[in-house]
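Take a look at the structure set out below.
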Amino acid sequence: MTESYDPENIFGKILRGEIPCHKVYEDDLTFAFMDIMPRADGHTLVIPKNPSRNTLDADPSDLAAVITTAQKISAAAMKAFDAPGILIQQFNEQAAGQVVFHLHFHVIPRHEGIKLKPHTGEMADQDILKLHAEKLRTAL
Ligand code: 5GP
């Protein structure tokens, strides 16, 4: 059985402004910010503002809003990072690799021949994340 949503998860804290992030985009229903351990340059996380653990318990209207924002971020990421491809990735529950239990979609720019870095691998330099968030905001 799926556990219930815990508002103390790290993305809940980011949404409430309790911990910082490099914001890329926000609207009434969604929020997008840089992944702190990017698998590629421009790796962005898109989350709904309403609480859910993942796609298994999310309201369909939040799923629609999040994927719509992921589409917007994808277009900006292709432009900002000159990326010919975009990987959209999403994990449901621990057995599938989920680490943070607030629904999120990974939007990851891809280039031929450049391997993805490991999931939750190395922390990026904050100045680089700031620069990448600025590039994405400009391209939106
Ligand atoms: P998942 O739950 O999809 O398996 O992975 C969670 C993702 O959140 C990872 O890609 C990880 O790098 C990212 N992440 C974990 N903690 C933080 C944080 O404090 N800030 C940001 N911006 N990203 C985080």
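The values are calculated or read from the model by the stated rules, or taken from the named source; none is laboratory data. It should be emphasised that the depicted structure is a prediction, and the values quoted were computed from it without experimental measurement. Quick reminder, even Gly has a Cβ in these numbers, built from the backbone with ideal geometry, and neighbours come from all protein chains shown. Accessible surface is based on the protein model in full, side chains and every heavy atom, while ligands, DNA and RNA are left aside. Shrake-Rupley method; radii C 1.70, N 1.55, O 1.52, S 1.80 Å.
With the convex hull drawn around the C-alpha atoms of segment 100-140, the volume per residue stands at 122 Å³. The HN-Hα couplings worked out from phi for segment 28-34 by the Karplus form 6.51 cos²θ - 1.76 cosθ + 1.60 (θ = phi - 60°) are 4, 10, 9, 8, 10, 8, 6 Hz, whole numbers, x standing for Gly and Pro. Here the sum of -39500 (n - 2.57) over DSSP H runs of 4 or more residues, divided by the residues of the chain, equals -9500 deg cm²/dmol at 222 nm, to the nearest 500.
Any number yet on Rg/Rh for the chain, C-alpha, Kirkwood? Intermediate results must be reported in sequence, preceding the final value.
On the way: Rg = 14.2 Å, Rh = 15.1 Å.
That ratio equals 0.94.
Protein chains only, probe 1.4 Å: how do H102, H119 rank by accessible area, largest first?
Output order, biggest surface exposure first: H119, H102.
A simple rule links phi to the HN-Hα coupling: the Karplus curve 6.51 cos²θ - 1.76 cosθ + 1.60 with θ = phi - 60°, which for segment 79-88 gives 6, 5, 10, 6, 9, x, x, 9, 9, 10 Hz, with x for Gly and Pro. In this Cβ point-charge picture (+1 for Lys and Arg, -1 for Asp and Glu), the chain has a dipole of about 400 debye about its Cα centre.
For the set V100, V66, solvent exposure ranked by accessible area (probe 1.4 Å, protein chains only) runs largest to smallest as V100, V66.
Could you give the accessible area per residue of the chain, probe 1.4 Å, as a whole number in Å²? If you can, show how the numbers build up before the last one.
Working: 7670 Å² over 140 residues.
On a per-residue basis, the chain sits at 55 Å².
Would you mind checking the pairs K13/K49; K79/K135; K23/K115; K23/K135 and listing those with alpha carbons more than 18 angstrom apart? The pairs that break the limit, which is 18 Å between Cα atoms, are K23/K115.
Between Q94 and I19, the FRET efficiency from the beta-carbon distance, with R0 = 25 Å, is close to 0.70. Amide H of F101 versus every other amide H placed in the peptide plane: which residues, excluding those fewer than 5 positions away on the same chain, fall under 5 Å? Close amide H contacts, sequence-distant or interchain: I10. Considering only protein heavy atoms and a 1.4 Å probe, what is the carbon-and-sulfur percentage of the accessible area of segment 30-93? Percent of accessible area from carbon and sulfur atoms in segment 30-93: 56. Estimated at 0.36 nm per residue, the fully extended path between T55 and S4 surpasses their Cα-Cα distance by 17.1 nm. Treating r as the C-beta distance of A75 and L116 and R0 as 22 Å, the FRET efficiency rounds to 0.60. Placing unit charges on the Cβ atoms of the charged side chains and taking the dipole of the chain about its Cα centre, the candidate lying farthest along the positive direction among Q90, G17, A75 is A75. Within the full protein context, the accessible area of E18 is estimated at about 100 Å² for a probe radius of 1.4 Å.
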